[in-house]
Amino acid sequence: MTEIVDWLMTPHGQNAIDVAVKVRKTTADPLALAATLDRELGLPSTYRAAASLQADLRQRLVDRWGEAPDWLLTREGIEQATHPAVRAWRSARLAELGVKRIADLGCALGFESGSFAAAGMAVRAVERDVETAAVAVLNLKSSDARVDLFDVVEEPDALDVVLADVDAVFVDPARRDAGAARSVDGRNGVRLSMPSEWSPSWEWVCELGERQPRLVAKVAPGIDHELLPAGSQTTWFAIRGGLAEASVWWPGFGLTPGRQAIAVDRHGDMAQIDSTMPTSDAMGGVGAFVLDPAPSVTRSGLVTTLAAVVGARRIDENIGYLSCDVEPKDSPLYSTFEVLSTLPLDEKKLKAELKRVGARDVQVTARGYRGDIDALTKTLKKGLDGDKVISVLLARVGIGKTAIVAQRLN
(Lines give C-alpha, C1' and ligand atoms only; values in the text may rest on other atoms or scores of the structure.)
Protein backbone atom coordinates (compact mmCIF):
# COMPACT_ATOMS: atom_id res chain seq x y z
CA MET A 1 0.00 0.00 0.00
CA THR A 2 2.69 2.52 0.97
CA GLU A 3 4.48 1.83 -2.33
CA ILE A 4 1.31 2.65 -4.25
CA VAL A 5 0.71 5.73 -2.10
CA ASP A 6 4.25 6.91 -2.82
CA TRP A 7 3.71 6.39 -6.53
CA LEU A 8 0.37 8.21 -6.53
CA MET A 9 2.08 11.30 -5.13
CA THR A 10 4.72 11.37 -7.87
CA PRO A 11 4.11 13.48 -11.02
CA HIS A 12 3.38 10.22 -12.89
CA GLY A 13 0.85 9.15 -10.29
CA GLN A 14 -0.81 12.56 -10.20
CA ASN A 15 -1.03 12.55 -13.98
CA ALA A 16 -2.64 9.10 -13.90
CA ILE A 17 -5.23 10.38 -11.40
CA ASP A 18 -5.92 13.42 -13.59
CA VAL A 19 -6.50 11.18 -16.61
CA ALA A 20 -8.74 8.88 -14.57
CA VAL A 21 -10.76 11.81 -13.20
CA LYS A 22 -11.26 13.16 -16.73
CA VAL A 23 -12.44 9.79 -18.03
CA ARG A 24 -14.61 9.22 -14.91
CA LYS A 25 -16.61 12.34 -15.77
CA THR A 26 -17.80 10.69 -19.00
CA THR A 27 -18.16 7.06 -17.90
CA ALA A 28 -18.33 5.02 -14.72
CA ASP A 29 -17.39 1.83 -16.59
CA PRO A 30 -14.27 0.47 -14.85
CA LEU A 31 -13.21 -1.47 -17.94
CA ALA A 32 -13.30 1.64 -20.11
CA LEU A 33 -11.35 3.56 -17.47
CA ALA A 34 -8.71 0.82 -17.19
CA ALA A 35 -8.40 0.60 -20.97
CA THR A 36 -7.78 4.34 -21.25
CA LEU A 37 -5.10 4.29 -18.55
CA ASP A 38 -3.43 1.33 -20.25
CA ARG A 39 -3.61 2.89 -23.70
CA GLU A 40 -2.48 6.40 -22.77
CA LEU A 41 -0.02 5.69 -19.95
CA GLY A 42 0.85 2.00 -20.22
CA LEU A 43 0.32 1.44 -16.51
CA PRO A 44 0.47 -1.95 -14.82
CA SER A 45 -2.79 -3.27 -13.42
CA THR A 46 -2.12 -2.33 -9.78
CA TYR A 47 -1.38 1.29 -10.70
CA ARG A 48 -4.40 1.45 -13.02
CA ALA A 49 -6.61 0.20 -10.18
CA ALA A 50 -5.15 2.73 -7.74
CA ALA A 51 -5.66 5.70 -10.08
CA SER A 52 -9.17 4.50 -10.97
CA LEU A 53 -10.08 4.22 -7.29
CA GLN A 54 -8.93 7.78 -6.64
CA ALA A 55 -11.09 9.05 -9.49
CA ASP A 56 -14.08 7.13 -8.17
CA LEU A 57 -13.65 8.41 -4.60
CA ARG A 58 -13.26 12.00 -5.74
CA GLN A 59 -16.45 11.69 -7.76
CA ARG A 60 -18.27 10.36 -4.70
CA LEU A 61 -17.26 13.45 -2.77
CA VAL A 62 -18.31 15.70 -5.66
CA ASP A 63 -21.69 13.97 -5.70
CA ARG A 64 -22.01 14.37 -1.94
CA TRP A 65 -20.55 17.85 -1.41
CA GLY A 66 -20.24 19.45 -4.83
CA GLU A 67 -16.45 19.52 -4.43
CA ALA A 68 -13.46 17.30 -3.71
CA PRO A 69 -9.86 18.11 -2.79
CA ASP A 70 -6.90 16.98 -4.88
CA TRP A 71 -5.97 14.60 -2.07
CA LEU A 72 -5.39 10.91 -1.80
CA LEU A 73 -8.57 9.27 -0.54
CA THR A 74 -9.72 5.98 0.93
CA ARG A 75 -13.19 4.48 1.23
CA GLU A 76 -13.07 4.52 5.01
CA GLY A 77 -11.72 8.06 5.03
CA ILE A 78 -14.51 9.61 2.97
CA GLU A 79 -17.14 7.73 4.97
CA GLN A 80 -15.89 9.48 8.10
CA ALA A 81 -15.20 12.88 6.50
CA THR A 82 -17.14 15.94 7.64
CA HIS A 83 -18.99 18.22 5.22
CA PRO A 84 -16.85 21.26 4.25
CA ALA A 85 -19.45 23.72 5.61
CA VAL A 86 -19.38 22.08 9.03
CA ARG A 87 -15.58 21.91 9.10
CA ALA A 88 -15.31 25.58 8.18
CA TRP A 89 -17.83 26.57 10.86
CA ARG A 90 -16.11 24.49 13.55
CA SER A 91 -12.63 25.76 12.69
CA ALA A 92 -13.78 29.38 12.66
CA ARG A 93 -15.48 28.92 16.01
CA LEU A 94 -12.39 27.38 17.58
CA ALA A 95 -10.25 30.21 16.25
CA GLU A 96 -12.70 32.76 17.69
CA LEU A 97 -12.48 30.95 21.04
CA GLY A 98 -8.74 31.57 21.05
CA VAL A 99 -7.47 28.10 20.20
CA LYS A 100 -3.90 28.27 18.89
CA ARG A 101 -2.81 24.63 19.02
CA ILE A 102 -5.21 21.72 18.64
CA ALA A 103 -4.93 17.94 18.69
CA ASP A 104 -7.01 15.98 16.15
CA LEU A 105 -7.36 12.50 17.62
CA GLY A 106 -8.26 10.03 14.89
CA CYS A 107 -7.40 12.37 12.02
CA ALA A 108 -8.07 9.80 9.24
CA LEU A 109 -7.25 11.47 5.90
CA GLY A 110 -6.78 14.90 7.46
CA PHE A 111 -9.97 16.75 6.53
CA GLU A 112 -10.50 18.28 9.99
CA SER A 113 -6.78 18.90 10.51
CA GLY A 114 -6.58 20.69 7.18
CA SER A 115 -9.49 22.95 8.14
CA PHE A 116 -7.96 23.71 11.54
CA ALA A 117 -4.65 24.60 9.90
CA ALA A 118 -6.40 26.78 7.32
CA ALA A 119 -8.01 28.70 10.20
CA GLY A 120 -4.56 29.50 11.63
CA MET A 121 -4.12 26.75 14.20
CA ALA A 122 -1.09 24.52 14.65
CA VAL A 123 -2.27 20.91 14.55
CA ARG A 124 -1.09 17.70 16.19
CA ALA A 125 -2.93 15.04 14.18
CA VAL A 126 -2.99 11.49 15.54
CA GLU A 127 -3.86 8.35 13.57
CA ARG A 128 -3.45 4.72 14.63
CA ASP A 129 -3.54 3.07 11.18
CA VAL A 130 -0.17 3.03 9.40
CA GLU A 131 -1.48 3.35 5.85
CA THR A 132 -4.06 6.00 6.71
CA ALA A 133 -1.42 8.01 8.57
CA ALA A 134 0.85 7.85 5.52
CA VAL A 135 -1.93 9.29 3.38
CA ALA A 136 -2.66 12.00 5.98
CA VAL A 137 1.02 13.04 5.99
CA LEU A 138 0.93 13.54 2.23
CA ASN A 139 -2.42 15.33 2.29
CA LEU A 140 -1.31 17.73 5.02
CA LYS A 141 2.28 18.29 3.88
CA SER A 142 1.66 21.91 2.91
CA SER A 143 -0.12 22.85 6.17
CA ASP A 144 0.97 23.52 9.75
CA ALA A 145 0.03 20.02 10.85
CA ARG A 146 2.13 17.22 12.26
CA VAL A 147 0.88 13.63 12.03
CA ASP A 148 1.72 11.20 14.84
CA LEU A 149 1.20 7.45 14.53
CA PHE A 150 -0.15 5.76 17.67
CA ASP A 151 -3.33 4.47 19.31
CA VAL A 152 -4.69 7.07 21.73
CA VAL A 153 -6.33 4.40 23.91
CA GLU A 154 -3.52 1.86 23.98
CA GLU A 155 -0.64 4.35 24.26
CA PRO A 156 -1.56 6.85 27.00
CA ASP A 157 2.02 8.07 27.44
CA ALA A 158 2.19 9.17 23.81
CA LEU A 159 -1.20 10.85 24.21
CA ASP A 160 0.04 12.74 27.27
CA VAL A 161 2.86 14.21 25.18
CA VAL A 162 0.41 15.46 22.55
CA LEU A 163 -2.03 16.86 25.14
CA ALA A 164 0.77 18.80 26.80
CA ASP A 165 1.51 20.51 23.48
CA VAL A 166 -2.03 21.80 22.70
CA ASP A 167 -4.72 24.00 24.21
CA ALA A 168 -7.74 22.16 22.75
CA VAL A 169 -8.65 18.71 21.46
CA PHE A 170 -10.93 17.43 18.72
CA VAL A 171 -11.94 13.77 18.61
CA ASP A 172 -14.08 11.92 16.08
CA PRO A 173 -14.76 8.37 17.34
CA ALA A 174 -15.14 5.73 14.63
CA ARG A 175 -18.77 4.63 14.43
CA ARG A 176 -18.52 1.82 11.90
CA ASP A 177 -17.50 -1.79 12.42
CA ALA A 178 -14.10 -2.08 10.74
CA GLY A 179 -14.46 -5.86 10.49
CA ALA A 180 -17.94 -5.92 8.98
CA ALA A 181 -18.69 -7.04 5.44
CA ARG A 182 -18.88 -4.23 2.92
CA SER A 183 -21.82 -3.30 0.74
CA VAL A 184 -21.79 -3.56 -3.05
CA ASP A 185 -20.51 0.02 -3.43
CA GLY A 186 -17.55 -0.69 -1.15
CA ARG A 187 -18.87 1.10 1.90
CA ASN A 188 -18.78 -0.42 5.35
CA GLY A 189 -22.48 -0.94 5.98
CA VAL A 190 -22.53 -1.58 9.73
CA ARG A 191 -22.91 1.47 11.95
CA LEU A 192 -22.24 1.10 15.65
CA SER A 193 -25.26 2.62 17.37
CA MET A 194 -24.04 2.08 20.94
CA PRO A 195 -21.62 4.85 22.03
CA SER A 196 -19.88 2.29 24.24
CA GLU A 197 -18.88 0.48 21.02
CA TRP A 198 -17.40 3.52 19.30
CA SER A 199 -13.62 3.68 18.92
CA PRO A 200 -12.59 5.27 21.20
CA SER A 201 -15.65 4.65 23.34
CA TRP A 202 -17.87 7.45 24.59
CA GLU A 203 -16.79 6.64 28.15
CA TRP A 204 -13.16 7.19 27.14
CA VAL A 205 -14.04 10.48 25.44
CA CYS A 206 -15.85 11.72 28.54
CA GLU A 207 -12.86 10.82 30.72
CA LEU A 208 -10.65 12.75 28.31
CA GLY A 209 -12.97 15.74 28.73
CA GLU A 210 -12.30 15.70 32.46
CA ARG A 211 -8.56 15.97 31.75
CA GLN A 212 -8.86 18.48 28.90
CA PRO A 213 -12.11 20.47 29.25
CA ARG A 214 -11.47 22.31 25.98
CA LEU A 215 -12.63 19.25 24.07
CA VAL A 216 -15.01 19.04 21.12
CA ALA A 217 -16.26 15.64 19.95
CA LYS A 218 -18.02 14.80 16.73
CA VAL A 219 -20.80 12.33 17.53
CA ALA A 220 -23.67 10.49 15.90
CA PRO A 221 -26.60 12.94 15.64
CA GLY A 222 -28.91 10.39 17.24
CA ILE A 223 -26.95 10.40 20.49
CA ASP A 224 -29.08 10.11 23.62
CA HIS A 225 -29.34 13.53 25.27
CA GLU A 226 -28.83 11.81 28.62
CA LEU A 227 -25.27 10.96 27.59
CA LEU A 228 -24.23 14.57 27.06
CA PRO A 229 -21.79 15.87 29.71
CA ALA A 230 -23.08 18.35 32.28
CA GLY A 231 -22.35 21.93 31.29
CA SER A 232 -21.65 21.07 27.64
CA GLN A 233 -23.12 22.62 24.52
CA THR A 234 -24.21 20.28 21.73
CA THR A 235 -24.75 21.47 18.16
CA TRP A 236 -26.72 19.59 15.52
CA PHE A 237 -26.03 20.44 11.86
CA ALA A 238 -28.30 19.98 8.84
CA ILE A 239 -27.05 20.53 5.28
CA ARG A 240 -29.56 20.94 2.42
CA GLY A 241 -32.27 19.17 4.38
CA GLY A 242 -30.09 16.24 5.47
CA LEU A 243 -28.81 15.66 8.98
CA ALA A 244 -25.02 15.97 8.88
CA GLU A 245 -23.67 15.54 12.40
CA ALA A 246 -23.68 16.63 16.01
CA SER A 247 -20.74 17.94 18.02
CA VAL A 248 -20.36 18.19 21.78
CA TRP A 249 -18.41 21.14 23.20
CA TRP A 250 -17.09 20.64 26.74
CA PRO A 251 -17.42 23.39 29.39
CA GLY A 252 -13.82 24.53 29.05
CA PHE A 253 -14.75 26.64 26.02
CA GLY A 254 -17.02 28.82 28.16
CA LEU A 255 -20.03 28.35 25.88
CA THR A 256 -23.57 28.60 27.17
CA PRO A 257 -24.66 25.06 28.12
CA GLY A 258 -27.54 23.53 26.20
CA ARG A 259 -28.54 22.59 22.68
CA GLN A 260 -28.11 24.36 19.35
CA ALA A 261 -29.49 23.64 15.88
CA ILE A 262 -27.83 24.95 12.72
CA ALA A 263 -29.07 24.51 9.16
CA VAL A 264 -27.46 25.39 5.82
CA ASP A 265 -29.50 25.60 2.62
CA ARG A 266 -28.44 24.95 -0.97
CA HIS A 267 -27.34 28.58 -1.37
CA GLY A 268 -24.96 28.29 1.58
CA ASP A 269 -27.11 30.49 3.84
CA MET A 270 -26.95 29.50 7.51
CA ALA A 271 -29.39 29.95 10.39
CA GLN A 272 -29.43 28.75 13.98
CA ILE A 273 -31.51 28.57 17.15
CA ASP A 274 -30.62 27.38 20.62
CA SER A 275 -32.14 26.29 23.90
CA THR A 276 -31.68 29.69 25.57
CA MET A 277 -34.37 31.17 23.31
CA PRO A 278 -38.10 31.36 24.20
CA THR A 279 -40.37 28.41 23.40
CA SER A 280 -44.02 28.10 22.44
CA ASP A 281 -46.39 25.29 23.36
CA ALA A 282 -49.16 26.60 21.11
CA MET A 283 -51.24 23.85 19.50
CA GLY A 284 -53.80 24.08 16.71
CA GLY A 285 -55.09 22.80 13.42
CA VAL A 286 -53.54 22.95 9.96
CA GLY A 287 -53.62 26.50 8.64
CA ALA A 288 -52.57 28.14 5.38
CA PHE A 289 -48.95 27.07 5.69
CA VAL A 290 -47.11 24.06 7.11
CA LEU A 291 -43.47 24.15 8.15
CA ASP A 292 -41.28 21.05 8.16
CA PRO A 293 -38.33 21.74 10.52
CA ALA A 294 -34.80 20.86 9.47
CA PRO A 295 -33.65 17.56 11.01
CA SER A 296 -31.16 19.44 13.19
CA VAL A 297 -34.11 21.20 14.83
CA THR A 298 -36.02 18.00 15.53
CA ARG A 299 -32.99 16.00 16.72
CA SER A 300 -31.96 18.77 19.08
CA GLY A 301 -35.46 18.94 20.54
CA LEU A 302 -35.91 22.59 19.54
CA VAL A 303 -39.23 22.37 17.67
CA THR A 304 -41.04 24.50 20.28
CA THR A 305 -38.22 27.02 20.07
CA LEU A 306 -38.65 27.24 16.31
CA ALA A 307 -42.40 27.62 16.81
CA ALA A 308 -41.80 30.66 19.02
CA VAL A 309 -39.30 32.19 16.57
CA VAL A 310 -41.65 31.82 13.59
CA GLY A 311 -44.92 32.45 15.39
CA ALA A 312 -46.25 29.01 14.48
CA ARG A 313 -48.10 26.24 16.30
CA ARG A 314 -47.70 22.49 16.46
CA ILE A 315 -50.44 20.45 14.82
CA ASP A 316 -49.78 17.57 17.22
CA GLU A 317 -47.62 17.39 20.33
CA ASN A 318 -45.88 14.22 19.14
CA ILE A 319 -44.74 15.29 15.65
CA GLY A 320 -42.57 18.05 14.25
CA TYR A 321 -44.83 19.72 11.69
CA LEU A 322 -45.70 23.34 12.49
CA SER A 323 -48.45 25.46 10.98
CA CYS A 324 -49.19 29.17 10.65
CA ASP A 325 -51.65 31.42 8.83
CA VAL A 326 -49.17 33.99 7.48
CA GLU A 327 -46.36 32.99 5.13
CA PRO A 328 -43.08 33.08 7.10
CA LYS A 329 -39.77 34.36 5.83
CA ASP A 330 -37.56 31.81 4.14
CA SER A 331 -35.07 30.10 6.44
CA PRO A 332 -32.74 27.10 6.23
CA LEU A 333 -34.31 25.97 9.53
CA TYR A 334 -37.50 24.77 7.84
CA SER A 335 -39.22 24.02 4.55
CA THR A 336 -42.41 25.97 3.89
CA PHE A 337 -45.47 24.44 2.23
CA GLU A 338 -48.61 26.26 1.11
CA VAL A 339 -51.57 24.09 2.02
CA LEU A 340 -54.02 23.26 -0.76
CA SER A 341 -56.19 20.82 1.17
CA THR A 342 -56.24 18.53 4.19
CA LEU A 343 -57.99 15.18 4.32
CA PRO A 344 -57.91 11.87 6.21
CA LEU A 345 -55.40 9.48 4.65
CA ASP A 346 -57.23 7.39 2.07
CA GLU A 347 -55.39 6.39 -1.11
CA LYS A 348 -58.42 6.61 -3.40
CA LYS A 349 -59.49 10.02 -2.11
CA LEU A 350 -55.91 11.26 -2.12
CA LYS A 351 -55.40 10.25 -5.77
CA ALA A 352 -58.60 12.07 -6.69
CA GLU A 353 -57.41 15.17 -4.85
CA LEU A 354 -54.05 15.10 -6.62
CA LYS A 355 -55.82 15.03 -9.97
CA ARG A 356 -58.07 17.88 -8.88
CA VAL A 357 -55.13 20.15 -8.01
CA GLY A 358 -53.35 19.35 -11.30
CA ALA A 359 -50.44 17.22 -10.13
CA ARG A 360 -47.96 15.78 -12.62
CA ASP A 361 -45.61 14.51 -9.90
CA VAL A 362 -45.88 13.94 -6.17
CA GLN A 363 -43.35 14.05 -3.33
CA VAL A 364 -44.33 12.37 -0.09
CA THR A 365 -42.85 13.15 3.32
CA ALA A 366 -44.06 11.89 6.65
CA ARG A 367 -43.88 12.36 10.41
CA GLY A 368 -45.42 9.85 12.75
CA TYR A 369 -46.40 7.60 9.83
CA ARG A 370 -45.02 4.07 9.70
CA GLY A 371 -46.35 2.88 6.36
CA ASP A 372 -44.35 2.18 3.21
CA ILE A 373 -43.79 5.68 1.83
CA ASP A 374 -42.07 4.45 -1.36
CA ALA A 375 -44.96 2.16 -2.21
CA LEU A 376 -47.50 4.89 -1.49
CA THR A 377 -45.60 7.39 -3.62
CA LYS A 378 -45.50 4.95 -6.53
CA THR A 379 -49.24 4.38 -6.24
CA LEU A 380 -50.06 8.09 -6.06
CA LYS A 381 -47.94 8.92 -9.12
CA LYS A 382 -49.87 6.59 -11.41
CA GLY A 383 -52.13 8.36 -13.87
CA LEU A 384 -51.15 11.93 -13.02
CA ASP A 385 -51.45 14.25 -16.02
CA GLY A 386 -51.33 17.76 -14.57
CA ASP A 387 -48.55 20.34 -14.61
CA LYS A 388 -47.62 20.80 -10.94
CA VAL A 389 -45.24 19.13 -8.50
CA ILE A 390 -47.32 18.54 -5.40
CA SER A 391 -46.17 17.59 -1.92
CA VAL A 392 -48.11 15.26 0.33
CA LEU A 393 -47.26 15.57 4.02
CA LEU A 394 -48.40 12.61 6.04
CA ALA A 395 -48.88 13.02 9.76
CA ARG A 396 -50.48 11.18 12.62
CA VAL A 397 -52.63 13.87 14.21
CA GLY A 398 -54.27 12.62 17.36
CA ILE A 399 -55.37 9.07 16.66
CA GLY A 400 -55.90 9.55 12.92
CA LYS A 401 -53.66 9.70 9.84
CA THR A 402 -53.84 13.00 7.98
CA ALA A 403 -52.71 13.86 4.46
CA ILE A 404 -51.79 17.48 3.79
CA VAL A 405 -51.74 18.32 0.08
CA ALA A 406 -49.45 21.29 -0.49
CA GLN A 407 -46.94 23.07 -2.70
CA ARG A 408 -43.37 23.60 -1.51
CA LEU A 409 -42.36 27.25 -1.41
CA ASN A 410 -38.68 26.93 -0.39
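The values are calculated or read from the model by the stated rules, or taken from the named source; none is laboratory data. A quick note: this is a predicted structure, and the numbers were derived from the prediction, not measured. Cβ atoms come from the backbone with ideal geometry, glycine included; neighbour counts cover every protein chain shown.
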Out of (1) polar (S, T, N, Q); (2) modelled with pLDDT under 95; (3) farther than 24 Å from Asp274 by Cα, the odd one out for Asn318 is which? (3)
If I ask for residues that are surrounded by 12 or more Cβ atoms within 10 Å (Cβ to Cβ) and not in a helix (DSSP H, G or I), which ones from the stretch 1-24 would you list? Met1, Met9
Go through (1) modelled with pLDDT of 95 or more; (2) aliphatic (A, V, I, L, M); (3) surrounded by 23 or more Cβ atoms within 10 Å (Cβ to Cβ); (4) not in a loop (DSSP other than H, G, I, E, B) and name the single condition Val135 misses. (1)
Cβ contacts < 7 Å: first residue within 17 Å of Gln233 (Cα to Cα) and not assigned by TED's automatic domain parsing to the domain that holds Ile239, restricted to the stretch 272-298; second residue crowded, with 20+ Cβ neighbours inside 10 Å and modelled with pLDDT under 95, any location; separation 6+ or different chain. Result? Thr298/Gly320
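For the stretch 136-157, which positions are among the hydrophobic types (A, V, I, L, M, F, W, C) and without any contact (Cβ under 8 Å) to a residue 12 or more places away in the chain?
Within the stretch 136-157, Val137 is the sole residue that qualifies.
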Does Arg360 satisfy being at pLDDT 95 or above and among the basic types (Lys, Arg)? yes
Can you tell me which of Leu215, Leu192 is in the same structural domain as Val126 (by TED's automatic domain parsing) and either modelled with pLDDT of 95 or more or within 21 Å of Ser113 (Cα to Cα) (or both)? Leu215
Filtered residues of the stretch 346-363 (kept if surrounded by 20 or more Cβ atoms within 10 Å (Cβ to Cβ) and not in a helix (DSSP H, G or I)): Ala359, Val362
Looking at the stretch 68-81, can you tell me whether even one residue there is modelled with pLDDT of 95 or more and assigned to a helix (DSSP H, G or I)? no
Residue list for the stretch 317-326, filter: of a type in the set (D, E, K, R) and more than 28 Å from the chain's Cα centre (by Cα): Asp325
Filtered residues of the stretch 55-77 (kept if buried (at least 17 other Cβ atoms within 10 Å of the Cβ) and either basic (Lys, Arg) or in contact with a Phe, Trp or Tyr (Cβ under 9 Å, 6 or more places away or on another chain) (or both)): Arg58, Arg60, Trp71, Gly77
Options Val326, Val339: the member that is of a type in the set (Val, Ile, Thr), under 28 Å from Ala263 (Cβ atoms), surrounded by 14 or more Cβ atoms within 10 Å (Cβ to Cβ) and modelled with pLDDT of 95 or more: Val339
Subset of the stretch 214-254, residues surrounded by fewer than 18 Cβ atoms within 10 Å (Cβ to Cβ) and either more than 21 Å from Gly301 (Cα to Cα) or among the acidic types (Asp, Glu) (or both), comes to Asp224, Glu226, Gly254
With the condition kept exactly as written, say whether any residue in the stretch 269-278 is buried (at least 19 other Cβ atoms within 10 Å of the Cβ) and within 22 Å of Ser193 (Cα to Cα). no
Among the residues of the stretch 222-229, is there at least one that is under 20 Å from the mean Cα position of the chain (by Cα) and in a helix (DSSP H, G or I)? yes
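Restrict the check to the stretch 381-392 and report whether at least one residue is farther than 16 Å from Phe289 by Cβ, crowded, with 16+ Cβ neighbours inside 10 Å and free of Cβ contacts under 8 Å to residues at least 40 places away in the same chain.
Pass one, the stretch 381-392, residues farther than 16 Å from Phe289 by Cβ: 381-389.
Next cut, crowded, with 16+ Cβ neighbours inside 10 Å only: 381, 384.
Filter once more, keeping what is free of Cβ contacts under 8 Å to residues at least 40 places away in the same chain: 381, 384.
Yes, some residue in the stretch 381-392 is farther than 16 Å from Phe289 by Cβ, crowded, with 16+ Cβ neighbours inside 10 Å and free of Cβ contacts under 8 Å to residues at least 40 places away in the same chain.
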